[in-house]
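Novice: Below is the structure I would like to discuss, written out as structure tokens.
All of the numbers you see were taken from the coordinates with simple rules; none came from a lab. Note that the structure is a prediction, hence the values are computed from the model and not measured. Using ideal geometry, Cβ is built from the backbone for each residue, glycine included, and neighbour counts are taken over all protein chains shown.
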Amino acid sequence: MSKIKNIISFTLPGLVLGFLVARCGTIFPEHSSHPPGTEEAASADNVWTCSMHPQFQFPEQTPCPICGMELIPIDPFAEGLGDRQIGVSAEAAALAEIQTVKVERREVNRELRLMGKLAWDESNLSSLTAWTGGRIDRMHITTTGEKVISGQAMVDIWSPELNSAQQELLEAEATAKRMANAPNDSLRRTAEATLEAGRYKLEQLGMDPDAITKLLAGGSPANHITLRAASTGVVVERLAAEGEWVTKGQPLFRLANSQALWVLLEAHESELAWLELGQSVSLRAEAIPGKTYIGTIIFIAPVLDPLSRTVEVRVSVSEQESVLKPGMFVRAVVNAPYNSADGNIPLTIPVTAPLQTGKRAVVYLKVPDQDRLIFEGREIVLGVRAGDRYVVLEGLEEGDEVVVNGAFKIDSALQIQAKPSMMSLGGTVPGEDLAVPDSLREQLGQAIGLYLDLRIALANDDFDLASPLASSFVAALDSIDSSVLTRETLERWEPLVARIRNGAAQMAAAGEIEELRVGFNRTSEGLIQTIDLFGYIREGGPLKIFFCPMAFNDVGAEWLQVKERLANPYFGASMLRCGEMRRELSADKKQKGTEENN
């Protein structure tokens, strides 16, 4: 058995700490060409302990009195570290694939993708009403959906009031003619005013001014009033029928402007920070592929729908060809810049930097100006997500160097030392602030079942069984229906599942068992984080996290199983019982049944 070193104690005097600075950040490469721990073993000042039973410390390297494992040296520099700090050698950083980038201020935009449907623009709706009471003798427009133009005849109404008003006008005209040469100006002006009042009355009843002129020129009184469309549009509702008696002011038709439409979008509450009045929106209708329309946000509802947790966003769009139809489904894209409350360019970090459990976020920073690599955990407050970056509201400063790859392994090492870590900063219930349907948790539970079978095959060194199980696990993972998640929850789900999928793909493509175990480790890391955040539902007892400090050249690795008696999938029969149980994963009380044989 090779000599063991603690993941947090790779102290190699004489080791050159080289750094490869790339555009994506700092990568810590491997350097050592000799077995780690040689120099430590030669030192007479080392204190030795057991990675499984750290309560024992000895001045010499002797077997552990409990498990018989070889002891490892205690890092002599660990005494100067804070509660949330951990020292890592360059070799350990390379094995853990630790990568860092600097916190920077950056203008960020977010591409919001929303769904909605078209509706009539309510500000361009109009009604055609009866201007006088009477009987509808003819409907020129008989069905809804018909297009009409301004001035087009819509309906003919016979009205007793029309007949009496015409007689009054003719009598007023005769009186005005008799008084035209009257010596009394007052009588003449009164007669003229009565004539104008009669003309105005007929106009208010809906009689066409030209028809009134013809009537005064000696024409016959009209029997009907023809009501005409006041504007061009589409009939969206017919409210009367031929032969029906109507009263003054009664609506007969409702019209809409076919070239002015609204798009009613649904935005989740997490997206409201990116939306504002006047923003331009790119629109595509599923029924009209290849055509893009541009609209403008004109209204954001002040009230949240308590069931869907969405807010209505109203977009105005003008369409001259009248191809768009109300009721069509529309996909909208809003390219929204982030505007910070203080007007400054926001601090941002990559989405892979924070470890999130419930409402908390933890990042690990590289401590500057040290003679070796030291990382420190820090709780931060995240703002909105903008593509592949998070806005940081509190906890970091520009120029801080955060871990973007390997943070989970650093956190695991802190847990081994019983130092504050992501999971020890106040527990949370999985999915407590996320909308996670039971259907997704059940599908995740089915994938977990295959994972557990795969773990057993690896513990038994059975590559022939493990390989097809890896392919089945990939299929189960791909079959999980994430469309049931809200947009906010999906943003948490996708990066975690991508990490699991990458490890699972490596397992499925592996040509030998050691390569498959590497993929199993990556899968386990992502799966543990996913369960912590989303929970799970499956038959069997609760899942437990186990840890082997010797896996992968003493970097250490975790895995999941149900039974308390561990069976190490990374070493199989060679060190089947190497490891320890670290904690039990909460499933939000969703697991069922009793403990299984996995």
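Novice: Which listed residue (288, 337, 221) has the Cα farthest towards the positive end of the charge dipole for segment 207-357, taking +1 on Lys and Arg C-beta and -1 on Asp and Glu C-beta about the Cα centre?
Specialist: 221
Novice: I've got another one for you. Residue 117 to residue 491: extension gain in nm, 0.36 nm per residue of separation minus the Cα-Cα distance? Don't skip to the answer; put the middle values down first.
Specialist: Numbers: separation 374, 0.36 × 374 = 134.64 nm, distance 2.38 nm.
Here the answer is 132.3 nm.
Novice: Hey, for a label at residue 483 modelled as a point 7 Å past Cα toward Cβ, could you say which residues of segment 269-310 have their backbone N under 20 Å away?
Specialist: What the label zone holds, given the 20 Å backbone N cut-off, is 284-289, 308-310.
Novice: By the scheme Lys and Arg +1, Asp and Glu -1, what is the net charge of all other residues having a beta-carbon under 12 Å from that of residue 298?
Specialist: Details: positive: 314; negative: 121, 122, 276, 312.
It works out to a net charge of -3.
Novice: Across segment 193-208, in residue order, what do the Karplus-derived ³J(HN,Hα) couplings come to in whole Hz, using 6.51 cos²θ - 1.76 cosθ + 1.60 with θ = phi - 60° and x for Gly and Pro?
Specialist: Karplus-based 3J(HN,Hα) across segment 193-208 equals 5, 5, 5, 5, 5, x, 4, 4, 4, 5, 4, 6, 7, x, 6, 5 Hz.
Novice: In nanometres, what is the gap between the two model label sites at residue 385 and residue 62, each 7 Å from Cα along Cα-to-Cβ?
Specialist: Rounded to a tenth, the inter-label distance reads 5.4 nm.
Novice: Check residue 382: other-chain or 5+ apart residues with amide H under 5 Å from its amide H, H built from backbone geometry?
Specialist: Those lying under 5 Å, H to H, from residue 382 are 393.
Novice: Suppose the chain between residue 245 and residue 97 were pulled fully straight at 0.36 nm per residue; how much longer would it get relative to their current alpha carbon spacing? Mind showing how you got there, number by number?
Specialist: Details: separation 148, 0.36 × 148 = 53.28 nm, distance 8.41 nm.
Gain in length upon complete extension: 44.9 nm.
Novice: Give, in nm to one decimal, the length gained when the segment between residue 146 and residue 47 is fully stretched (0.36 nm per residue of separation minus the Cα-Cα distance). Write out the running numbers ahead of the final one.
Specialist: Numbers: separation 99, 0.36 × 99 = 35.64 nm, distance 9.18 nm.
The span from residue 146 to residue 47 would gain 26.5 nm if fully extended.
Novice: Need one number: nm distance between label points at residue 184 and residue 308, each 7 Å from Cα along Cα→Cβ, rounded to one decimal.
Specialist: According to this spin-label approximation, the distance is 7.3 nm.
Novice: Something else about it: Hey, with R₀ at 35 Å, roughly what FRET efficiency would residue 320 and residue 299 work out to, going by the Cβ-Cβ distance, to 0.05?
Specialist: Numbers: r = 23 Å, r/R0 = 0.65.
With R0 = 35 Å, the Cβ-Cβ based efficiency is 0.95.
Novice: Right, next: First measure r as the distance between the Cβ atoms of residue 230 and residue 563, then evaluate 1/(1 + (r/R0)^6) with R0 = 60 Å and state the FRET efficiency to the nearest 0.05. The partial results should precede the final answer.
Specialist: Details: r = 80 Å, r/R0 = 1.33.
Computed FRET efficiency for residue 230 and residue 563 comes out at 0.15.
Novice: Between residue 291 and residue 193, with labels modelled 7 Å along Cα→Cβ, what's the label distance in nm to one decimal, could you check?
Specialist: 5.8 nm
Novice: Enumerate the amide H contacts of residue 129 below 5 Å, restricted to partners 5 or more residues apart or on another chain; note that Pro and chain-start residues carry no placed amide H.
Specialist: The answer is 252.
Novice: Okay, moving on. Could you pull out every residue, at least 5 positions away or on a different chain, whose amide H is within less than 5 Å of the one on residue 390? Hs are placed 1.01 Å off N in the peptide plane, and Pro or chain starts have none.
Specialist: 349, 351
Novice: Turning to a different aspect of this structure: Please report how far the C-alpha centroid of segment 210-239 lies from that of segment 79-100, rounded to the nearest whole angstrom.
Specialist: Cα centroid of segment 210-239 versus Cα centroid of segment 79-100: 88 Å apart.
Novice: Please list, in order along segment 324-332, the HN-Hα scalar couplings obtained from phi with the Karplus expression 6.51 cos²θ - 1.76 cosθ + 1.60 (θ = phi - 60°), rounded to whole Hz, x for Gly and Pro.
Specialist: 5, 10, x, x, 5, 7, 10, 9, 10
Novice: Okay, next question. What relative contact order, as a whole-number percentage, does segment 441-538 give when Cα pairs under 8 Å and 6 or more residues apart are counted?
Specialist: 35 percent
Novice: For segment 95-240, what does the alpha-carbon gyration tensor say about shape, rounded, prolate or oblate, given a ≥ b ≥ c as the root eigenvalues, a/c under 1.5 as rounded, and a/b over b/c as prolate? Kindly include the intermediate steps, with their values, before the conclusion.
Specialist: Values: a/c = 6.24, a/b = 2.82, b/c = 2.21.
Prolate, because a/c is 1.5 or more and a/b exceeds b/c.
Novice: Here's something else I'd like to know. Find the centroid of the Cα atoms in segment 323-365 and in segment 549-589, then give the distance between the two in whole Å.
Specialist: Each part's Cα centre sits 37 Å from the other's.
Novice: Let me ask you something else. Enumerate the residues in segment 198-213 having an amide nitrogen under 18 Å from the point lying 7 Å beyond the Cα of residue 220 toward its Cβ.
Specialist: 208, 211-213
Novice: Using Cβ contacts closer than 10 Å as the measure, can you line up 392, 562, 103 from fewest to most? Walk me through the numbers before you get to the answer.
Specialist: Working: 392 25, 562 19, 103 22.
So the ranking, lowest neighbour count to highest, is 562, 103, 392.
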